[in-house]
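Right, one structure below, let's go through it.
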Amino acid sequence: MGKMECGKTTGIIKKPDAVKIESLLQSGGIDNCREQLEEILGEAGIMELDSLMVRLYVSMEIYIAAHSFSSGIGVDSTAFCERFGTVDDIGSRLVTQESSLSFLTELVRQCIIWRIEAAAGNGAAITRKAKQYIDLNYMNDDVSLRSVASAVGLSPSYLSALFKKESGENLSEYLTRVRIHHSKELLCCTSKLISEIAYDVGYRDYRYFSQIFKKHTGLTPRQFQTMANVRH
């Protein structure tokens, strides 16, 4: 967006940094959320410009991000709108710069509270559900953070942070560990070709499977298979 006339002031309005907004919602604290929000708004120009149109433009970006985030952690959309209004309602909360900042601070702070409550109450259960989904679907090459997040009803970014907190490893690391475990069983107990085993555990690229297998075991699939056959 270019220059806009804002009362007696002309400035350049920028979209709020989407990455920083997501980071604030995902990992920000209650006590300092206003300061972090002010930093984001300052970078977007809203702290210097007094046009309602500008405030609406910037605030809408944050509202939409907060709505999407809250939905991703299981907050009912109706409950969100009852608390903060619909997109058609928020203009009435942006009459002044101070009221705009208060509204957005309340919005972000409540999302953080919802996030903390969701993690405290459901973190372990959600992580177990994510692991169960991976355990049942590891053989599909399209299993990913996004597909697992969809299965458990969370946003990918939120599930990623929650899974790491609860399990101590990234979701992708767990997926790889499951695939390597099952590939070892197949290498030991079947006469399948290594390329077939790679396919069976979710790797469509045989060479990539071999690289990952050696990284985690110190052996190539062929070396591991040979050693297993010698022991038997």
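What to note about this one:
- The dipole here belongs to the chain: it is taken about the Cα centre, uses +1 on the Cβ of Lys and Arg and -1 on the Cβ of Asp and Glu, and is about 1280 debye.
- Using alpha-carbon coordinates, inclination of helix 52-72 to the longest axis of the chain, degrees: 30 degrees
- In this structure, the amide hydrogen of residue 73, modeled 1.01 Å from its nitrogen in the peptide plane, lies closer than 5 angstrom to those of 155, counting only residues at least 5 positions away or on a different chain.
- DSSP-loop chymotrypsin sites (Phe, Trp or Tyr not before Pro) across the stretch 51-128, with at most 12 other Cβ within 10 angstrom: none
- Dipole axis of the chain (+1 Lys, Arg; -1 Asp, Glu on Cβ), positive-most option in 199, 28, 189: 189
- Neighbour cut-off at most 13 other Cβ (10 Å), DSSP loop, trypsin sites (Lys or Arg not before Pro), the stretch 129-232: 204
- Proximal charge balance of residue 194 [Cβ under 14 Å; K/R count +1, D/E count -1]: +3
- Remark: the stretch 122-169 carries a charge dipole of roughly 220 debye about the Cα centre, counting +1 on each Lys and Arg Cβ and -1 on each Asp and Glu Cβ.
- Placing +1 on the Cβ of every Lys and Arg and -1 on the Cβ of every Asp and Glu, with nothing else charged, gives the stretch 173-231 a dipole about its Cα centre of roughly 160 debye.
- Efficiency of FRET between residue 161 and residue 102 - r from beta-carbon atoms, R0 30 angstrom, step 0.05: 0.65
- Per-residue 3J(HN,Hα) values for the stretch 196-212, derived from phi via the Karplus relation 6.51 cos²θ - 1.76 cosθ + 1.60 with θ = phi - 60°, read 5, 5, 4, 5, 5, 10, x, 10, 8, 9, 4, 5, 5, 4, 4, 5, 5 Hz in sequence order (x marks Gly and Pro).
- Length-normalised contact order for the chain - Cα pairs under 8 Å, 6+ apart - percent: 15 percent
- For the stretch 33-122, the residue among 41, 108, 80 whose Cα projects farthest onto the positive side of the dipole built from Cβ charges is 80.
Any read-out appearing in this document is the output of simple, stated calculations on the displayed coordinates, not a laboratory observation. Source: prediction; values computed, not measured. Positions of Cβ are generated from backbone atoms using ideal geometry, with glycine treated the same way; all protein chains shown enter the neighbour counts.
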